[in-house]
Amino acid sequence: MAYELFDKRSSIYSDRTSTTMINDLVRTTRWNIGFQPYDGWWRRHRRLMHTSFHPKAVEAFHLIQVKHTRNLLRRLLHSPERYTRHIMHTAGAIIMRRMVSTFNLRMTLLGKCPKGPRYDNEIYIPVWVPGAEFQRKVASWRQVTKDMLELPFSETKRRMGQGNTELSFVSSNLSELDIRTTKDIDDEEIIKNTAMTIFIGGNDTTVHTIRAFVLAMALYPEVQKKPQQEIDDVLGLQRLPEVADMDTLPYVMGVCKESL
Ligand code: HEM
């Protein structure tokens, strides 16, 4: 039945639900892939995203992931009680090197934005009507979304203009757009939207998965000993694990997959 509905009749059953607050009031659907309806606009974003996020392409992130993981280990060693902060820093640093603290603050604000359909009837009430204070919140959430969208993108463009060649999703796609002969007027917007969605989608999800892992290891110390033993046996206390060691550490990989 799942095959029948999701594969054979995918054109009717691939859309997602919408909520008044997110879709109509804060209006993130134009920019955020995670809220876009299943249509041609969404498809153009997904196509662009896929160029950098298929299994082969993500290998390009391995170096930076290892580097930031080592930094995380060092931080955890010095102040283990601040582990949430360290994990947040690492996830943000991997997905976007700059502007991490400002954005975590803004994400917290956006997290407070109610997702349910509570606002169906109030949508057209102007802000000056008593009881319509939520419209002020809508305005601030809309600003948060706009800032997350615009600031990193314009900063990247500014740096590119100054000859900075640091490689990123935005810089490489903009450079490619520059040399392309056929362009659409909204090509640049799609790059910007996709970059923002990747940051929003890849940050909290990663942080809370790792926090769940920490919790699980604290609750089940007898399980924690097994991946530790495997790492010590395979690497012989000589070095830290690398991406290339994944195949020789099946129990560690099992723990990672179970956390996900
Ligand atoms: C443990 C980590 C993650 C979890 C649990 C997770 C969960 C989800 C879920 C449940 C959705 C579907 C939302 C819906 O339509 O109802 C989603 C969509 C999405 N996620 Fe993740 N995610 C994770 C990591 C990431 C990362 C690392 C990225 C980016 C690098 C990312 C980018 C996206 C994007 C772009 C979408 C929208 C896809 C589309 O609508 O076509 N996610 N995620």
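The values are calculated or read from the model by the stated rules, or taken from the named source; none is laboratory data. Keep in mind that this is a model prediction, so the values were computed, not measured. Heads up, the Cβs are rebuilt from the backbone with ideal geometry, glycines too, and the neighbour counts pull from every protein chain shown. Remember, those area values only see protein heavy atoms, side chains included, never the ligands or the DNA or RNA. Shrake-Rupley method; radii C 1.70, N 1.55, O 1.52, S 1.80 Å.
State yes or no: is Lys257 within 16 Å of the ligand (Cβ to nearest atom), under 22 Å from the mean Cα position of the chain (by Cα) and open to solvent by less than 40 Å² (accessible area, probe 1.4 Å)? Spell out how you get there, then give the answer.
Working: within 16 Å of the ligand (Cβ to nearest atom): yes; under 22 Å from the mean Cα position of the chain (by Cα): yes; open to solvent by less than 40 Å² (accessible area, probe 1.4 Å): no.
No: the conditions fail for Lys257.
Whether any residue in the range 230-238 is part of a loop (DSSP other than H, G, I, E, B), open to solvent by 90 Å² or more (accessible area, probe 1.4 Å) and farther than 22 Å from Thr51 by Cβ is what I want to check. Can you show your working first?
First pass over the range 230-238, keeping only residues part of a loop (DSSP other than H, G, I, E, B): 236-238.
Subset that is open to solvent by 90 Å² or more (accessible area, probe 1.4 Å): 237-238.
From what is left, the residues that are farther than 22 Å from Thr51 by Cβ are 237-238.
Checking the range 230-238: at least one residue is part of a loop (DSSP other than H, G, I, E, B), open to solvent by 90 Å² or more (accessible area, probe 1.4 Å) and farther than 22 Å from Thr51 by Cβ.
Is it the case, given these coordinates, that Val170 is open to solvent by less than 60 Å² (accessible area, probe 1.4 Å), farther than 15 Å from Met49 by Cβ and in a helix (DSSP H, G or I)?
It is false that Val170 is open to solvent by less than 60 Å² (accessible area, probe 1.4 Å), farther than 15 Å from Met49 by Cβ and in a helix (DSSP H, G or I).
Kindly check whether there is at least one residue in the range 178-185 that is open to solvent by less than 70 Å² (accessible area, probe 1.4 Å), out of contact with any His (no Cβ under 6 Å at 6 or more places or on another chain) and either away from the ligand (no atom under 16 Å from the Cβ) or within 30 Å of Phe35 (Cα to Cα) (or both). Show your work before the answer.
Taking the range 178-185 first, the residues open to solvent by less than 70 Å² (accessible area, probe 1.4 Å) are none.
Checked against the condition, which is being open to solvent by less than 70 Å² (accessible area, probe 1.4 Å), out of contact with any His (no Cβ under 6 Å at 6 or more places or on another chain) and either away from the ligand (no atom under 16 Å from the Cβ) or within 30 Å of Phe35 (Cα to Cα) (or both), the range 178-185 yields no hits at all.
Residue-by-condition table, conditions (1) closer than 27 Å to Arg44 by Cβ; (2) free of Cβ contacts under 8 Å to residues at least 12 places away in the same chain; (3) hydrophobic (A, V, I, L, M, F, W, C):
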| site | (1), (2), (3) |
| --- | --- |
| Gly161 | yes, yes, no |
| Leu174 | yes, no, yes |
| Ile185 | yes, yes, yes |
| His208 | no, yes, no |
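Out of all the residues in the range 206-226, which are within 14 Å of the ligand (Cβ to nearest atom) and open to solvent by 80 Å² or more (accessible area, probe 1.4 Å)?
His208, Arg211
What's the number of the condition Ile123 fails, among (1) within 27 Å of the chain's Cα centre (by Cα); (2) at pLDDT below 60?
Every condition holds for Ile123 apart from (1).
Somewhere in the range 33-47, is a residue part of a helix (DSSP H, G or I), in contact with a Phe, Trp or Tyr (Cβ under 9 Å, 6 or more places away or on another chain) and open to solvent by 60 Å² or more (accessible area, probe 1.4 Å)?
Our first condition is that a residue be part of a helix (DSSP H, G or I); within the range 33-47, this holds for 33-35, 40-47.
So of that shortlist, the ones also in contact with a Phe, Trp or Tyr (Cβ under 9 Å, 6 or more places away or on another chain) come out as 33.
Retained after the next criterion (residues that are open to solvent by 60 Å² or more (accessible area, probe 1.4 Å)): none.
No, the range 33-47 has no match at all.
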